[in-house]
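To start, the structure itself, in structure tokens.
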Amino acid sequence: MLREERFERAEQVIHLGFWVNAVLMVVKLAAGHFGGSEAVFADGVESGCDFVALLFTLAALRVGRKPFDARHPYGHGRAENVAAFVIALVIVGAGMFILVQSVRTIMFRAWQTPDLMAVGVAFLTIIIKEGLYRYSAAAGRKLDSPAVQAVAMDHRKDALTSIGTLVGVAGAYAGFGVMDPLAAGLTSLFIFRIGYETFRTALHDLMDGQPPDNFIRAVTELAEGVEGVEHVHEIRGRRSGQYIIIDLKLDMDPEMTVKQSHDIATRVKKLIFERFPNVGDVMIHINPHDEEHEDLIRL
């Protein structure tokens, strides 16, 4: 998949979630207000937060798809990682809002008996949001896009929230009014978990965290399988949006000419690009394999 195709696909996925979320936000706010359900109304407020987060993500994708330039030699992909970080904060904020509202309602015994309309909207939201999660998660895995994966987790968070909302609204509709705010409060705990996972992943990438071990092993084995490469002395990687940037130190025969070692390094780079479509760049340093190497680094 070409670079522009990757970003077009990511934007399509997020645009779909954006418009579906906008419709659900209006429907849930109306159903919660007129249907007498605090849980459904809180769900609508949460969708409003998601609406803002998706707007930010679309803007981040527009920035992230720009190619590298003189001021940004590593490209603009980190905009996606920043978007994932913001979405994590929105998820946690939404969970906190729901938890506080439910505790206040229980403390002041201010729950109501909701209408059947509120029950129907909660059920419909589960189906739509779970479908959006599966669609977005599949696209996020294929594109290896932090922004799309974060949006997918946000959809899953909404589906879980709506399950709790449905249980609470149905119980309140049956006459157990306290179940409406209680279900909302318990669901907020699941939301905090999703927010934490999204936050941890986004922060890891923003702090130049190493890619997964299986990816590092696969790149190492590929490089060491090229004729002329004695050993991979060191390998590091970091994420920039949908792409991973790799730094490789290769041990080679010290009697090689510069041209020979350069050709081998070029072959390694081409093979990595062919095997791993999510690799954006590979920087290769060559060491003589029969000498001890002192790694000069100040980090």
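The values are calculated or read from the model by the stated rules, or taken from the named source; none is laboratory data. Here the structure is a predicted model, which is why all the values come from computation and not from measurement. Note that each Cβ is placed from the backbone with ideal geometry, even for glycine, and that neighbours are counted across all protein chains shown. Remember, those area values only see protein heavy atoms, side chains included, never the ligands or the DNA or RNA. Shrake-Rupley method; radii C 1.70, N 1.55, O 1.52, S 1.80 Å.
Which lysines, on any chain, are close to LYS129 with Cα under 24 Å apart, when same-chain ones fewer than 8 places away are left out? Leaving aside lysines fewer than 8 places away in the same chain, those within reach of LYS129 are LYS28, LYS142, LYS157. For the chain, a Gaussian network of Cα nodes joined below 10 Å ranks HIS289, HIS204, HIS76 by mean-square fluctuation, and the top entry is HIS289.
Express the carbon and sulfur contribution to the solvent-accessible surface of region 213-288 as a percent, rounded to the nearest whole number, probe 1.4 angstrom. Working shown, then result.
Details: 1990 of 4010 Å².
The C+S portion of the solvent-accessible surface of region 213-288 is 50 percent.
For the peptides 108-114, 178-184, the ranking by packing is 178-184, 108-114, with the highest mean count of neighbouring Cβ atoms within 10 Å listed first. Restricting region 1-98 to trypsin sites (Lys or Arg not before Pro) that sit in a DSSP loop and have at most 15 other Cβ atoms within 10 Å of their own Cβ leaves ARG71. Classify region 234-299 as rounded, prolate or oblate, taking a ≥ b ≥ c as the square roots of the eigenvalues of its Cα gyration tensor: rounded when a/c is under 1.5, otherwise prolate if a/b is larger than b/c and oblate if not. Oblate, since a/c reaches 1.5 and b/c is not below a/b. Solvent-accessible area per residue in the chain equals 52 Å², computed with a 1.4 angstrom probe and all protein chains kept. Here the accessible area of region 3-207 is 71 percent carbon and sulfur, with a 1.4 angstrom probe and all protein chains present. Measuring between their Cα centroids, region 142-175 and region 224-278 lie 43 Å from each other.
Considering only the chain, what is the antiparallel percent among its DSSP beta bridges, to the nearest 5? Intermediate results must be reported in sequence, preceding the final value.
Working: 9 of 18 bridges.
The antiparallel fraction comes to roughly 50 percent.
Net charge dipole, region 118-271: roughly 660 debye, given to the nearest 20, about the Cα centre with Cβ charges of +1 for Lys and Arg and -1 for Asp and Glu.
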